[in-house]
Amino acid sequence: MFGRKSSKRRRKSYPVKQDHRAYNACRIYIVTWNVSTKFPENISLNKLLGLENRPEQDSHLPDFFVIGLQEVNAQPQNTLYNLFKDDLWTQKFKEVLKERDYVVIKTEQMQGLLLSVFARRKHLLHLRQVETEYTRTGLGGIWGNKGAVSIRMNVYGSSICLVNAHLAAHDHMLEERINDYERIVQEQKFHVKAKETIFDHDYVFWFGDLNFRLTGEATTSADEIRAMVARDELKQLIEKDQLLLVRREGRAFAQLQERLPQFPPTFKFEHGSNEYDMKRRPAWTDRILYAVNENNYRNVRLTAEQTSYKSHPSYSISDHKPVTSEFTLKVNRKPQYSGEHFRKQHNNRLSYKLAMANNTDVHSFDDLVTDLIDYGQVYEDTTERTVSFKPIELWLVGEPNTIEYVIPNGFEEGNADWIGIYRENFTSLSEYLAYEYTETYKDKQHQLNEQQLQHMQNTRTVQLTFSENVSLPLGTRYQLLYFQSTGTRGVTGLVGISPAFAVEKRCPSPSFDEID
């Protein structure tokens, strides 16, 4: 009777409140670097990351570090090594950042393309629906030496997509670069509802060795470009930039924006020096672009302020110079109360009739709540529900151990949720020592009566037993982490962290001969 009307129906003009929700600033520091198959030996990454020599000297640390590398050494022996340990570059960044309490959230690698996201520990329980994707564009999509890897995630309710790309090389391959871009945009599909494509997200950051060169190959030689750089004629030179031109023409990257580089071209250099290699025409191949879907939400305008964009000429192990950029984003939507709360409080016949009398365009209670959300009278429910663990009094090595955790009201268990055991102060979410899948009732719902189903939707305490085969070394402390997961392409989020606990070994019972 009260079916949903078309979204084109006229809405009542409720007063609009601008920026009525509480938003916090989130700082993201992005690095892109073609490392030219070199290893991170005998170099310090502190300056590249904007860090001081000692952690206590750092001030105003970013919330996230995003590291995008290209041409990481992907020889077969290194690929095999990476199956068991982090690649050498990730290890090097981790060594620097773990001292500042950062944790590796996710790493995705496709041959020489490597993308890693580090987050400050205090943000871990506010990162949801983390998923990776990749697209091969080399040799017509067969080979992964070119293409893109990406990581998407929700940060305090705002969606972010990070794309690290390495496009076709050489001056004359402009059309191939445009085709690479289009292929990546078309083929990368995520499994998160309403955020299936790259540009569905609130914020998009696209960076890497994009390989765009300078036009005028026949009229502007490498020597002339170098001379213009020496004369600091960068504004005139950037007007020849292929990426700038294709963006203006709408042929590629038109949905993204970029602060034009005010640093010299980052390619191509003699290895170990700051001198350009004149075998190639210098160019700004290494770039960081971004997009903001400013109007994804009513009554609030999303923003991204780019606070820095620079190259780092002191790093000379590669023929590329690394480029970094820092952004401040508006995230962290905090509802005062939600549409669901409104339904529970006011979904009765009297309030419904009053609403119908005041707004003849409302044809159902859902219509009313939708209108109120749209016009800022009721706030969408973005509460991040978390699982809480009960303290573990004793964990005995070599014996089954049962834990208890509390699932909050409204929490939806995934069909592949799991709980992992980690060392205290873990530095990566991939460092679990053991895990157990949680029990889910989705497959059993047809066997439950209405009362049991209602119980499943309420806050409840659940027990889970770890096998006696779980071997935890003595002398250190551990934590349990609950991951909400769909099991599809690794879509997951950390939703619970236990207090730290110690492990013990039960003292053996005395033998008969030892008893007086």
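Here the spin labels are modelled as points 7 Å beyond Cα on the Cα-Cβ line, and at Ala25 and Lys505 they lie 5.3 nm apart. Name the residues of region 92-116 whose amide N is less than 19 Å from a point 7 angstrom out from the Cα of Arg54 along the C-beta direction? Residues 96-101 qualify, since their backbone N sits under 19 Å from the label point. Using the Cβ-Cβ distance between Asn46 and Leu245 with R0 set to 22 Å, the FRET efficiency works out to roughly 0.05. Each residue was assigned an accessible area with a 1.4 Å probe, and for Thr307 the value is about 70 Å². Label-to-label distance for Lys279 and Glu196 is 4.6 nm, based on points extended 7 Å past Cα in the beta-carbon direction. Remark on Gly414: its backbone amide H falls under 5 Å from those of Ser485, a criterion applied only to residues 5 or more positions apart or on other chains, H modelled at 1.01 Å from N. For Thr285, the residues 5 or more places off, or on other chains, whose built amide H falls under 5 Å of its own are Thr266, Phe267.
Under a 5 Å amide H cut-off, with hydrogens placed 1.01 Å from N, Lys390 pairs with Glu404, Tyr405, Val406 among residues at least 5 apart or on other chains. Once the C-beta distance of Ala254 and Gln186 is scaled by a Förster radius of 22 Å, the resulting FRET efficiency is 0.90 to the nearest 0.05. Using R0 = 22 Å, the C-beta based FRET efficiency linking Glu270 and Asn73 works out to 0.65. When the Cα gyration tensor is reduced to axis lengths a ≥ b ≥ c, the ratio a/c is 1.5 or higher for region 128-247, and with a/b above b/c it is classed as prolate. Within 12 Å, Cβ to Cβ, of Ser308, how many net charges do the neighbouring residues add up to if Lys/Arg are +1 and Asp/Glu are -1? Combined, the nearby Lys, Arg, Asp and Glu give +1. Please work out the C-alpha center-to-center distance from region 107-183 to region 184-222 and express it in whole Å. Between the Cα centre of region 107-183 and that of region 184-222, the gap is 9 Å. Inter-label distance, Phe39 to Thr215: 4.5 nm, where each label sits 7 Å from its Cα along the C-beta direction. Pairs over the 18 Å Cα-Cα cut-off, from the set Lys38/Lys268; Lys106/Lys321; Lys38/Lys279: Lys106/Lys321; Lys38/Lys279. Beyond 25 Å in Cα-Cα separation lie the following of the pairs Lys92/Lys122; Lys47/Lys235; Lys235/Lys310; Lys195/Lys330: Lys47/Lys235. With a cut-off of 9 Å between beta carbons, the residues surrounding Gln479 carry a summed charge of +1, where Lys and Arg count +1 and Asp and Glu -1.
Only protein heavy atoms count here; on that basis, with a 1.4 Å probe, Tyr435 has an accessible area of about 100 Å².
With the cut-off at under 20 Å, measuring from each backbone N in region 395-417 to a point 7 Å along the Cα-to-Cβ line of Ser467 picks out 395-404, 416-417. The order of Ser430, Ser467, Ser498 by accessible area, most exposed first and with a 1.4 Å probe, is Ser430, Ser467, Ser498.
The values are calculated or read from the model by the stated rules, or taken from the named source; none is laboratory data. From a predicted model like this one, the values you see are computed outputs, not experimental measurements. Positions of Cβ are backbone-derived with ideal geometry, glycine not excepted, and every protein chain shown enters the neighbour counts. Heavy atoms of the whole protein, side chains included, go into the accessibility calculation; ligands, DNA and RNA do not. Shrake-Rupley method; radii C 1.70, N 1.55, O 1.52, S 1.80 Å.
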